[in-house]
1. How far apart, in nm, are the 7 Å Cα→Cβ label points at residue 140 and residue 95?
2. Can you grab the distance from the C-alpha centre of the stretch 43-101 to the C-alpha centre of the stretch 116-174, Å, no decimals?
3. Looking at the square roots a ≥ b ≥ c of the eigenvalues of the Cα gyration tensor of the stretch 2-170, which shape do they give, rounded for a/c under 1.5, prolate if a/b is larger than b/c, or oblate?
4. What FRET efficiency comes out for the pair residue 152/residue 132, r = Cβ-Cβ distance, R0 = 25 Å, nearest 0.05?
5. What is the fewest-to-most order of 93, 168 by other Cβ atoms lying within 10 Å of their Cβ?
6. Give me the extension gain from residue 108 to residue 161: residue separation times 0.36 nm, minus the current Cα-Cα distance, reported in nm with one decimal.
7. Taking 0.36 nm per residue of sequence separation and subtracting the Cα-Cα distance, how much length would be gained by fully extending the chain between residue 85 and residue 35, in nm to one decimal?
């Protein structure tokens, strides 16, 4: 079992390094830096892309954790949430309307933060009333970089300044 975990981690790091190299190799050009609209300077921990590709959601800081949602249409912040707990995105998902973001309070908790991106509201609910109920959550690696589904954008936490999330756009064929 440990051997499988080590192999998976090695593969993940290899892919991560390869993806970073592609974005910097000339296939993509820098577009914009995403920064949360708040006074506190926090580090970006994880990225989450909505299934419809319209929002990038970033997990910043820890205790408290800040969750910022940005529109991929104009790369502007559309919502910012402050959670008193430290959370990770291993259990996170959006509902089918891509409006409500669910993130588990902790890996062992049965409660979720429900964050409404459109309304900017948040509450805590038991897992049994979430759209997915109370599934067993497998641990997974934090997502530090990703591509949009159409591969038009590459989004990455800046390795030199972890307070920044950089967005790169695929170069147009000339």
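Every number in this text was worked out from the coordinates using simple rules, so none of it is lab data. This one's a predicted model, so the numbers in the text were calculated from it and none came from an experiment. Note: ideal-geometry Cβ built from the backbone for every residue, glycine included; neighbour counts use all protein chains shown.
1. Output for this residue pair reads 2.2 nm.
2. Between the Cα centres of the stretch 43-101 and the stretch 116-174 lies a distance of 6 Å.
3. oblate
4. Details: r = 29 Å, r/R0 = 1.16.
That pair, residue 152 with residue 132, gives E of 0.30.
5. On the way: 93 17, 168 21.
Fewest-to-most Cβ neighbours within 10 Å comes out as 93, 168.
6. Result: 16.0 nm gained on full extension.
7. Between residue 85 and residue 35, full extension yields an extra 15.9 nm.
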